[in-house]
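Presented below is the structure to which this report refers.
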Amino acid sequence: MSAECRVRRIPSALSTQHSLLLIMTNKRKRHIAILGSTGSIGTQALDVIRSNRDKFEVEVLTAQDNADLLIKQAIEFLPNCVVITNEKQYDKVFSILDPVGVKVYSGEKSLASVVQMETIDMVLTALMGYSGLLPTIKAIEAGKHIALANKETLVVAGELITKLANEKRVFILPVDSEHSAIFQCLSGEEGNPVEKIILTASGGPFRGKKAEQLKYVTKADALKHPNWSMGAKITIDSASMMNKGLEVIEAKWLFNLNASQIEVVIHPQSIIHSMVQFLDGSIKAQLGLPDMKLPIQYALAFPKRLKSDFPRMNFRDFNSLTFEEPDTETFRNLKLAYHAMEKGGNVPCIMNAANEIAVQEFLNDNVSFLEIPEIIEECMVKVPFIAKPSYEDYVKTDKETRKIAQERLKL
Ligand code: NDP
Ligand code: MG
């Protein structure tokens, strides 16, 4: 596979980059749809927009259950419409937002249709898990640029998504801090092949522990991330190293790399967000305090950098930046993710669905921490392999995997 990078190829569609720049410089605001506005990424995106009201307009806000926060956000930002996917909450949201002129929709299908609204320039996908896939496909089909937080979409269907994005000449701009770091390091390197990328990982709350010590850890232990405050699912993924596994696959599709070009290193301080090594051996890194607002803002405003008042890093506060080899014997998920990526086809989709069920059941106190990789591995063996999956195959694979994982839990 060529070492040429996808993000360098997509921006080279100069007309697209030019049109994005025009939106930011011609005083026309960039119109944003935020899928998952009540979550960790969604609320931080609204913080960024609140500080840059002259640059952005909110077109769409969405939530699954959190009607109260969605209503509060809509009253502040007055979007064109909101979607509450839990239909039971529709009446409550409608009764408050209809009188202020905000359209209200409910149900998962509405997510897939609102992203195609004429007025939207960019969709920030900050939904949790597999639920992001269909709305992302629909948004790209309608020619919307994507600020991608929802990494599971690329894990499940990276080939389909990147092909579609190339056809429609839309940007997929990474929000994940590691991928934003790599994207920023690649800026100005058009035509310079990448030797490898180095994804940094904090190691999570259980860094240095062995399986024996992880037997009885609780969800409260796993939810205590040392450096980042995030939604529950990604926090458990960080503790189990599945988050880094998902990010390895996300990087493959965003930057058009093969497995041997993607390295993971544990960096407990989370100051270096990731690195790129070029053919001459030179390494570029992007650094900063762990704060998701920066990569969110970079994606929303791309290709411009906006002035911010985010806390600045002082090197004197960090006299020791350290690096370790990941322990893939204890944290088997990272190994499983490399295996899924190398097998390709529907295997990453199987891995993702099994992980979503395992994490949900860990959060429900129905499985132990060490059972998470066991459930995933079992599903990867049992669900039939499809080498060249269509969208329908992904839907089928996801459904079948969830069923198998649930059946195993009943035993
Ligand atoms: P949260 O759980 O905090 O928020 C998820 C958002 O999506 C909420 O608005 C939630 O609504 C909504 N939602 C959840 N499930 C569904 C569903 N099935 N259908 C429709 N809407 C749904 O997650 P995060 O913000 O932490 O993460 C979002 C995505 O961004 C994930 O893919 C994650 O991996 C990725 N990401 C997150 C980072 C972070 O720092 N948080 C960093 C890098 C990537 P409600 O509030 O009503 O439940
Ligand atoms: Mg990340």
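Quick notes on this structure:
- Only Lys, Arg, Asp and Glu carry charge here, each on its Cβ (+1 for the first two, -1 for the last two); on that basis segment 83-153 has a dipole of about 100 debye about its Cα centre.
- Surface composition of segment 3-179: carbon plus sulfur atoms hold 52% of the accessible area, using a 1.4 angstrom probe and ignoring ligands, DNA and RNA.
- Loop-located GluC sites (Glu not before Pro) in segment 311-411 (DSSP state other than H, G, I, E, B) with a sparse environment of at most 14 neighbouring Cβ atoms within 10 Å: Glu329.
- The residues neighbouring Ala181, those whose beta-carbon lies less than 12 Å from its own, together hold a net charge of -2 under the Lys/Arg +1, Asp/Glu -1 convention.
- Of the whole protein surface, Leu148 contributes about 0 Å² of accessible area at a 1.4 Å probe radius.
- Per residue value of the accessible surface for segment 180-410 (all protein chains in place, 1.4 Å probe), Å²: 45 Å²
- Helical content alone sets the calculated 222 nm signal of the chain at -14000 deg cm²/dmol, taking -39,500 (n - 2.57) per DSSP H segment of four or more residues and averaging over every residue.
- For segment 3-179, the Cβ-based charge dipole about the Cα centre amounts to some 560 debye (Lys, Arg positive; Asp, Glu negative; other atoms uncharged).
- Computed across segment 180-410, the Kirkwood hydrodynamic radius from all distinct Cα-Cα pairs reaches 18.9 Å.
- FRET efficiency for Thr322 and Ser19, using Cβ-Cβ distance with R0 set to 56 Å, rounded to 0.05: 0.85
- Positive end of the dipole of the chain (Cβ unit charges, origin at the Cα centre): among Ala353, Ile41, Gly129, the Cα lying farthest that way belongs to Ile41.
- Full extension of the chain between Arg312 and Leu370 yields a length gain of 17.1 nm, computed as 0.36 nm times the residue separation minus the alpha carbon distance.
- About the centre of its Cα atoms, the chain shows a dipole size close to 820 debye [charges on the beta carbon of Lys, Arg (+1) and Asp, Glu (-1) only; nearest 20 debye].
- Summarising the overall dimensions of segment 230-334 from its C-alpha atoms, the Rg and Dmax are 15.3, 43 angstrom.
- Dipole of segment 252-347 computed with +1 at Lys/Arg Cβ and -1 at Asp/Glu Cβ about the Cα centre; of Ser282, Phe310, Gly344, farthest Cα towards the positive end is Phe310.
- Per residue, the accessible area of segment 90-157 comes to 37 Å² when a 1.4 Å probe rolls over the protein heavy atoms.
- Legend: translational diffusion of the chain by Stokes-Einstein, Rh = Kirkwood radius over C-alpha pairs, 4 °C, 1.567 mPa s; D = 60 µm²/s.
- At the residue level, His145 shows approximately 20 square angstrom of accessible surface with a 1.4 angstrom probe and all protein chains present.
- Note on segment 180-410: with neighbouring protein chains present and a 1.4 Å probe, carbon and sulfur make up 51 percent of its accessible heavy-atom surface.
The values are calculated or read from the model by the stated rules, or taken from the named source; none is laboratory data. Keep in mind it's a predicted model, so treat the numbers as computed, not measured. A quick note on method: Cβ atoms are made from the backbone with ideal geometry, for glycine too, and the neighbour counts reach across all protein chains shown. We work out accessible area using only protein heavy atoms, side chains counted, and drop any ligands, DNA or RNA first. Shrake-Rupley method; radii C 1.70, N 1.55, O 1.52, S 1.80 Å.
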